[in-house]
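Working notes, structure below.
The values are calculated or read from the model by the stated rules, or taken from the named source; none is laboratory data. From a predicted model like this one, the values you see are computed outputs, not experimental measurements. For neighbour counting, all protein chains shown are included, and Cβ atoms are generated from backbone atoms with ideal geometry for every residue, glycine included.
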């Protein structure tokens, strides 16, 4: 069976990272967050956030290690979690740390490098 080509702007990497999502006056913690890309991630949790909900995301890589912070919007709600699209990475450090995390966990690093080249931050070059 033929597979359709990947239509995503950024490749997702499969790793679990500690995540904190602040939205609707509450904070949701998950250690099962996965499918991370430069554009967003999947957060596995029993707690619900409806699609369209703006949020602040904080990814903790480990004690004493840098954090990645982003503004985002919930784009999909699943039975076991929700997907977030990043709208803005908060600070140059967050961009650099996310970039390195994706690059070092990618199977095809050349493809990832090309994606970085084709974008200005998380936005596609005109």
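Criterion applied to 56, 68, 84 was being at pLDDT 80 or above, part of a strand (DSSP E or B) and surrounded by fewer than 17 Cβ atoms within 10 Å (Cβ to Cβ), and the one residue passing it is 56.
Condition check for residue 101 on (1) buried (at least 17 other Cβ atoms within 10 Å of the Cβ); (2) at pLDDT below 90; (3) in contact with a helix residue (DSSP H, G or I) (Cβ under 8 Å, 6 or more places away or on another chain): one failure, at (3).
Considering only residues in the range 39-53 that are farther than 16 Å from residue 79 by Cα and surrounded by 17 or more Cβ atoms within 10 Å (Cβ to Cβ), the one that is modelled with the highest pLDDT turns out to be 53.
Within the range 58-78, the set of residues being closer than 25 Å to residue 107 by Cα and in contact with a strand residue (DSSP E or B) (Cβ under 6 Å, 6 or more places away or on another chain) comprises 58, 59, 60, 67, 68, 69, 70.
Can you find a residue in the range 23-37 that is out of contact with any strand residue (DSSP E or B) (no Cβ under 8 Å at 6 or more places or on another chain) and assigned to a strand (DSSP E or B)? The answer is yes; a qualifying residue exists.
Let's see how each residue does on (1) within 14 Å of the chain's Cα centre (by Cα); (2) without any contact (Cβ under 8 Å) to a residue 60 or more places away in the chain; (3) at positive phi:
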position	(1), (2), (3)
44	yes, yes, no
51	no, yes, no
94	yes, yes, no
111	no, no, no
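If you go through the range 18-38 and keep only what is buried (at least 20 other Cβ atoms within 10 Å of the Cβ) and at pLDDT below 90, you end up with 33, 36, 37, 38.
Among all positions in the range 96-105, there is at least one residue which is under 20 Å from residue 14 (Cβ atoms), free of Cβ contacts under 8 Å to residues at least 40 places away in the same chain, in contact with a strand residue (DSSP E or B) (Cβ under 8 Å, 6 or more places away or on another chain) and not in a strand (DSSP E or B).
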